[in-house]
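These notes concern the structure reproduced below.
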Amino acid sequence: MSQSNQNSQTGWNFDNTYARLPEFFFTKQEAKPVRSPKLIVLNESLAVELGLDPAELRSEVNVAVLAGSGLPPGAEPLAQAYAGHQFGYFTMLGDGRALLLGEQIAPGGDRFDIQLKGSGRTPYSRGGDGRAALGPMLREYIISEAMHALGIPTTRSLAVVTTGETVVREQGLCGAILTRIAASHVRVGTFQYAAQFGEPADVRTLADYVIQRHYPQLATLADTGKDGCYLALLREAIQRQASLIAKWQLVGFIHGVMNTDNMVLSGETIDYGPCAFMDAYDPATVFSSIDRQGRYAYGNQPSIAVWNLSRFAESLLPLLHDEEEQAVQLAEEALKGFAGQFEAAWLQGMRSKLGLFDEQAEDAVLIKDLLDLMHQHHADFTNTFLALTFGRLEEPAMAGASEWSDWLARWRARLAGQTESPETVRELMRRSNPAVIPRNHRVEEALEAAVERDDYSVMQRLLKVLAQPFAHTPEQAEFAEPPAACDRPYRTFCGT
Ligand code: AMP
Ligand code: MG
């Protein structure tokens with residue numbers, strides 16, 4: 001069978017709108033062929049959603065595509081330019097080890113970036129080798145898919161292939177490439193790049209692109225040339241981040257490296273480097289070995305989001321108003337909206353976790369008191385809510401404390417004031433409190449089996465359990481166990 005024949009059977013259906021932007025925004029770039037590509041994991045259900053045939057994706061010609069050694073028909077690969085604040089310091093960045101193959105148009109008409117991560121050097125690689133190691137790519141695969149299953153907007157993972165090459169880190173590691181699927185890869189840092197190194201016209205071009213692609217409801221406003229559309233874009237982007245960060249907080253997800261280049265305008269979670277899920281509840285939790293100041297600690301995530309969005313707003317200033325002072329005032333007002341939007345989304349989510357259908361003024365205090373108790377007693381975040389869901393009230397670390405009985409009495413009284421039946425309440429709690437999260441020791445165990453022993457069965461089992469976090473099956477119980485004391489404190493590394 002000829003290559004193009006096989007490719008059309010695969011279902012590749014590319015468009016390349018990003019490649020139509022001015023060349024200022026990217027560099028056209030072929031991937032570098034790798035020695036011997038081997039498919040390690042393929043996300044079959046995601047493939048189907050994208051209109052791709054999983055069996056065809058497993059063929060030699062498509063495994064070469066997933067390794068950057070061949071191109072699907074219609075792809076126009078490029079490396080994207082962007083800048084960003086990393087731990088507060090502005091730097092020129094860009095895709096140093098990633099290639100955007102193009103945009104796959106799924107059967108329903110939705111558009112998805114297909115990006116290879118670990119595909120070789122680009123003009124933006126700086127000192128890096130452009131490559132990635134198997135462990136970190138599998139880690140991104142596992143956690144991004146877990147986030148998706150938890151109902152949190154995120155980039156997704158289609159496949160991981162090994163390259164047959166060694167990447168040199170502190171030691172020689174097995175090279176790998178992740179195929180990442182995203183609504184797009186336009187970052188706050190892409191706007192910073194345009195604002196810093198381009199003209200206001202470039203910022204406008206990018207803003208128009210983002211409106212068309214992610215905020216089509218603003219497109220008519222943009223078409224009529226009304227300047228208000230850029231303020232509306234800022235407001236909507238703020239709203240999406242407020243909603244996203246609330247979802248992170250509600251499952252104890254800690255991103256770990258919320259640099260402005262790792263915040264995307266689509267509102268998806270992106271860049272699974274040193275991220276991890278919190279076990280015991282503590283707002284100061286940090287896992288990343290490089291986050292020495294705790295800048296990206298769990299409890300700081302909402303305020304860091306505002307910091308990042310402020311950098312986005314700064315980039316947009318020339319589009320907001322001709323007078324800079326006025327533009328700043330408009331931006332500041334929009335940014336002030338974050339706190340209320342975040343709080344509302346978070347409170348709503350917390351109410352659901354506690355089985356509360358209606359809103360009462362005292363809910364915020366009820367929730368705060370629960371979190372304070374959890375913090376004080378080092379109670380496991382996920383499992384405390386599971387205990388409440390299933391009435392295992394003696395389980396949390398604070399069981400036995402009189403404050404716990406007092407709190408439970410207040411919670412029960414609050415539930416009794418609702419008209420919903422206990423069954424309906426439990427149902428809401430079941431779908432609001434995951435049975436499993438990707439616990440660090442479980443992820444490590446799966447990665448170790450894969451990387452050290454070439455055994456992918458541990459990871460496959462973990463992926464299966466994480467794919468339905470609200471199923472509450474007996475099989476999931478062992479995955480809900482928090483880590484043993486010897487596995488703490490857990491540390492993550494950037495994994496480049
Ligand atoms: P990240 O920490 O993944 O957000 O990456 C930050 C920046 O470093 C981005 O510009 C990446 O493309 C770049 N980068 C990370 N690892 C490598 C690598 N091995 N080679 C080249 N560039 C890299
Ligand atoms: Mg990044």
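The values are calculated or read from the model by the stated rules, or taken from the named source; none is laboratory data. Because the structure is a prediction, the values reported are computed rather than measured. A quick note on method: Cβ atoms are made from the backbone with ideal geometry, for glycine too, and the neighbour counts reach across all protein chains shown. Side chains are part of the model used for accessible areas, which takes the heavy atoms of the whole protein and leaves out ligands, DNA and RNA. Shrake-Rupley method; radii C 1.70, N 1.55, O 1.52, S 1.80 Å.
Some observations on this one:
- Qualifying positions in the stretch 264-281 - in contact with a Pro (Cβ under 8 Å, 6 or more places away or on another chain) and either assigned to a loop (DSSP other than H, G, I, E, B) or away from ligand 1 (no atom under 16 Å from the Cβ) (or both): Ser266, Gly267, Glu268, Gly273, Phe277, Asp279, Ala280
- Residue check, Ala159 open to solvent by less than 10 Å² (accessible area, probe 1.4 Å) and at pLDDT 95 or above: yes
- Number of the exception - Asp261 against (1) charged (D, E, K, R); (2) away from ligand 1 (no atom under 12 Å from the Cβ); (3) not in a loop (DSSP other than H, G, I, E, B): (2)
- Checked against the criterion of being more than 29 Å from Ala280 (Cβ to Cβ) and either within 21 Å of the chain's Cα centre (by Cα) or not assigned by TED's automatic domain parsing to the domain that holds Ala242 (or both), the candidates Phe338, Phe312 yield just one match: Phe312.
- Checking each residue in the stretch 89-119 for being away from ligand 2 (no atom under 16 Å from the Cβ) and touching a strand residue (DSSP E or B) at 6+ places or on another chain (Cβ under 7 Å) picks out Leu101, Gly102, Glu103, Gln104, Ile105, Ala106, Arg111, Phe112, Ile114.
- Within the set Gly294, Gly299, the sole residue that is outside any loop (DSSP other than H, G, I, E, B), closer than 21 Å to Arg439 by Cα and either modelled with pLDDT of 95 or more or out of contact with any Pro (no Cβ under 8 Å at 6 or more places or on another chain) (or both) turns out to be Gly299.
- Pairs where the first residue, in the stretch 438-453, is farther than 19 Å from Val251 by Cβ and the second is at pLDDT 95 or above and in a loop (DSSP other than H, G, I, E, B), C-beta under 6 Å, 6+ apart: Ala449/Asp455; Ala450/Tyr456
- Close Cβ contacts (under 6 Å, 6 or more residues apart or on different chains) running from residues in the stretch 358-375 that are touching a residue at least 12 places away in the same chain (Cβ under 8 Å) to residues that are of a type in the set (A, V, I, L, M) comprise Ile367/Met350; Leu373/Met398.
- Every condition in (1) among the hydrophobic types (A, V, I, L, M, F, W, C); (2) surrounded by fewer than 21 Cβ atoms within 10 Å (Cβ to Cβ); (3) within 27 Å of Ala219 (Cβ to Cβ); (4) more than 20 Å from the chain's Cα centre (by Cα) is met by Ala345 except one, and the failing one is (4).
- Of the residues making up the stretch 171-183, just one is outside any strand (DSSP E or B) and more than 27 Å from the chain's Cα centre (by Cα), namely Gln171.
- Any chance Gly189 is away from ligand 1 (no atom under 11 Å from the Cβ) and either free of Cβ contacts under 8 Å to residues at least 40 places away in the same chain or outside any strand (DSSP E or B) (or both): no
- From Leu173, Leu234, Leu206, residue being over 26 Å from Thr382 (Cβ atoms), out of contact with any Pro (no Cβ under 8 Å at 6 or more places or on another chain) and within 16 Å of ligand 1 (Cβ to nearest atom): Leu173
- Of the helices (runs of 4 or more DSSP H) lying entirely inside the stretch 409-483, those containing at least 2 residues that are outside the structural domain of Ala399 (by TED's automatic domain parsing) and under 30 Å from Thr166 (Cα atoms) are 440-453, 457-466.
- Pick from the stretch 484-496, criterion assigned to a loop (DSSP other than H, G, I, E, B) and out of contact with any Ser or Thr (no Cβ under 7 Å at 6 or more places or on another chain), ranking: nearest to Val443 (Cα to Cα): Tyr490
- The set of residues in the stretch 69-93 being closer than 23 Å to Ala305 by Cβ, open to solvent by less than 10 Å² (accessible area, probe 1.4 Å) and not hydrophobic (A, V, I, L, M, F, W, C) consists of Gln80, Gly84.
- Strands (runs of 3 or more DSSP E) within the stretch 9-123 that include 3 or more residues away from ligand 1 (no atom under 16 Å from the Cβ): 38-42, 98-105, 111-117
- Each residue in the stretch 261-288 was checked for being near ligand 2 (Cβ under 10 Å from one of its atoms) and more than 11 Å from the chain's Cα centre (by Cα), and 1 pass.
- Restricting the stretch 127-136 to residues that are farther than 20 Å from Glu76 by Cβ, at pLDDT 95 or above and within 8 Å of ligand 1 (Cβ to nearest atom), the residue that is surrounded by the fewest Cβ atoms within 10 Å (Cβ to Cβ): Gly128
- Verdict on Ile143 being part of a loop (DSSP other than H, G, I, E, B), in contact with a helix residue (DSSP H, G or I) (Cβ under 9 Å, 6 or more places away or on another chain) and touching a residue at least 40 places away in the same chain (Cβ under 8 Å): no
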